[in-house]
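Report on one structure; see the data block that follows.
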Amino acid sequence: MDRNTALGEFLRSRRARITPRQAGLPDDGGPRRVPGLRREEIAQLAGVSVDYYVRLERGRRLNVSETVLDAISRALRLDPVERAHLFQLAKPAAGRPRRTATRPQPVRPGLRDLLRIIEHTPALVLGRRLDVLASNPMARALLTDFDALPHRERNLVRFMFRDDTARSLYTHWDTHAQDIVASLRRDAGRHPHDPLLAELVGELSIADEDFRRWWADQNVYRHTHGSKHFHHPIVGPLTLHYESLTLPADPDQRLSVYTAEAGSSSEEALRLLAAWIRQPETSHGRPAGHRTPAGP
């Protein structure tokens, strides 16, 4: 991903969503050639020259100060995640671009021990591109058996869009899928020279119209906490809360843990799921009556 091109596309997408009324500017009511604000209006709100802002939006290499980026962030009404993304895209490249390693990211033994200890609730370690680096049995029973897949296939985004059962697993598939695309977009801003990320985006852009449309929206999102609703083929509906913790020793990895509200039907469903994965294994190494859940 070319950082200059990405910067211009992001600025244009944020400008297009703001109306003059939202920005506190007079609106003559006449037709506009483009949606949202004009470039000169953003320049006026940010206190920079129109020529300077136009060059920035066209992806020209500029050494933009934090003060100017702050002003543009306010003019575009960016939230904290979008603001951080803008700063990342505008950051000057230091020397020759460094390509991200294509080998699977290593997971510390201590983290694997932690996943082993967390027995009664789903937990997994995510890396760049939303690769699933490690998961416990409950996560594999809730989502899919990541350990049985080739390393290249252990990725939440790819499963969300390429696995047919993902849409039935997530009750609100559209919402979760858009959040995942926006999270991948944020990752692209942090790792613009990652060949596996470029390969993933290219593959899904060709294969899935929803992905292609949402990727073009330029939205960015950071998973920290929230709720997800599932309709699991074994235990039925669940509402699970998740906490996603960035690991201090490796900011490109995060631990995601799903929990259910105490005393809820979802907590009982998790207990049933835990009992199901403890069933005696068949000759194929899976519990009797196993249906492999799939989806990210």
Can you confirm whether the range 115-124 contains a residue that is open to solvent by less than 10 Å² (accessible area, probe 1.4 Å), over 19 Å from Glu243 (Cα atoms), modelled with pLDDT of 90 or more and in contact with a helix residue (DSSP H, G or I) (Cβ under 6 Å, 6 or more places away or on another chain)?
-> no
Residue match in the range 36-57 (condition: of a type in the set (Val, Ile, Thr), assigned to a loop (DSSP other than H, G, I, E, B) and more than 30 Å from the chain's Cα centre (by Cα)) = yes
So Leu37 fits all but one of (1) in contact with a Lys or Arg (Cβ under 9 Å, 6 or more places away or on another chain); (2) open to solvent by 10 Å² or more (accessible area, probe 1.4 Å); what number is the exception?
-> (2)
Name every residue in the range 247-280 that is part of a loop (DSSP other than H, G, I, E, B) and closer than 17 Å to Gly110 by Cβ, in order of residue number.
-> Pro248, Ala249
Is the range 2-20 home to any residue that is surrounded by fewer than 12 Cβ atoms within 10 Å (Cβ to Cβ) and either of a type in the set (Phe, Trp, Tyr) or over 22 Å from the mean Cα position of the chain (by Cα) (or both)?
-> no
Report yes if some residue within the range 96-109 is out of contact with any Phe, Trp or Tyr (no Cβ under 8 Å at 6 or more places or on another chain) and either acidic (Asp, Glu) or assigned to a helix (DSSP H, G or I) (or both); otherwise report no.
-> yes
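Answer yes if at least one residue in the range 2-11 is touching a residue at least 40 places away in the same chain (Cβ under 8 Å), acidic (Asp, Glu), within 21 Å of Arg186 (Cβ to Cβ) and part of a loop (DSSP other than H, G, I, E, B), and no otherwise.
The answer is yes; a qualifying residue exists.
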Can you name the condition, by its number, that Gly226 falls short on among (1) among the small types (Gly, Ala, Ser); (2) part of a strand (DSSP E or B); (3) within 18 Å of Glu153 (Cα to Cα)?
-> (3)
Every residue from the range 254-296 that is in contact with a strand residue (DSSP E or B) (Cβ under 8 Å, 6 or more places away or on another chain), among the polar types (S, T, N, Q) and at pLDDT below 95 = Gln279
Matching residues, the range 149-160, being over 24 Å from Ala269 (Cα atoms) and either open to solvent by 50 Å² or more (accessible area, probe 1.4 Å) or in contact (Cβ under 8 Å) with a residue 12 or more places away in the chain (or both) = Pro150, His151, Arg152, Glu153, Arg154, Asn155, Val157, Arg158
Any hit, the range 81-102, residues being touching a Ser or Thr at 6+ places or on another chain (Cβ under 9 Å), open to solvent by 10 Å² or more (accessible area, probe 1.4 Å) and modelled with pLDDT under 95 = yes
Would you say Asp51 is at pLDDT 90 or above, out of contact with any helix residue (DSSP H, G or I) (no Cβ under 9 Å at 6 or more places or on another chain) and of a type in the set (D, E, K, R)?
-> no
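The values are calculated or read from the model by the stated rules, or taken from the named source; none is laboratory data. Predicted, not measured: the structure shown is a model, and the values here were computed from it. No Cβ is skipped: glycine too gets one built from the backbone with ideal geometry, and neighbour counts run over all protein chains shown. Note: areas computed on protein heavy atoms with side chains; ligands, DNA, RNA excluded. Shrake-Rupley method; radii C 1.70, N 1.55, O 1.52, S 1.80 Å.
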